1. Starting from residues that are in a helix (DSSP H, G or I) and surrounded by 14 or more Cβ atoms within 10 Å (Cβ to Cβ), keep the ones in the stretch 46-67 and report whichever is nearest to the chain's Cα centre (by Cα).
2. Considering only the stretch 68-94, how many residues are open to solvent by less than 80 Å² (accessible area, probe 1.4 Å), in contact (Cβ under 8 Å) with a residue 12 or more places away in the chain and in a loop (DSSP other than H, G, I, E, B)?
3. Go through (1) open to solvent by 100 Å² or more (accessible area, probe 1.4 Å); (2) modelled with pLDDT of 80 or more one by one and return the number of the condition Lys23 breaks.
4. So for the stretch 22-29 (the condition being within 14 Å of Val85 (Cβ to Cβ) and without any contact (Cβ under 8 Å) to a residue 60 or more places away in the chain), does at least one residue qualify?
Amino acid sequence: MSSEIQALTAQVKNLTSVVQSLKEALDLLLKEQERTYTLKEFCAELNMSHQTLKKYYELYKLPITRPYSVNGKRTVFSHKDLMVVKGFLNGKHQ
């Protein structure tokens, strides 16, 4: 009986460790989704120039933030914008 209790205690400790790791991973994912990107960072993430991004935006009517300044305000992109363009680049737009 004692060995069964020890085994169950070990399993509970392992599960507690797994739950903690999952919580930490979820926190990181949520922070990543809330992240914003400047135009330079956004283009670097996509490995493309600003001109290429602007061309794709205009040609394919991508549903993202405009890739250029409006009224002198700096452009800020969301994680969703990044996922839209990555999906487009991976051929999911077809």
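1. Among those that are in a helix (DSSP H, G or I) and surrounded by 14 or more Cβ atoms within 10 Å (Cβ to Cβ), it is Leu46.
2. Total satisfying the criteria: 2.
3. Lys23 satisfies all of (1) open to solvent by 100 Å² or more (accessible area, probe 1.4 Å); (2) modelled with pLDDT of 80 or more except (2).
4. Let us first name the residues in the stretch 22-29 that are within 14 Å of Val85 (Cβ to Cβ), namely none.
Scanning the stretch 22-29 turns up no residue that is within 14 Å of Val85 (Cβ to Cβ) and without any contact (Cβ under 8 Å) to a residue 60 or more places away in the chain.
The values are calculated or read from the model by the stated rules, or taken from the named source; none is laboratory data. The structure presented is a predicted model; accordingly, all values stated were derived computationally and were not measured. Reconstructed Cβ throughout: ideal geometry from the backbone, glycine too, with neighbour counts over all protein chains shown. Just so you know, the surface numbers come from the protein's heavy atoms only, side chains and all, with ligands and any DNA or RNA stripped out. Shrake-Rupley method; radii C 1.70, N 1.55, O 1.52, S 1.80 Å.
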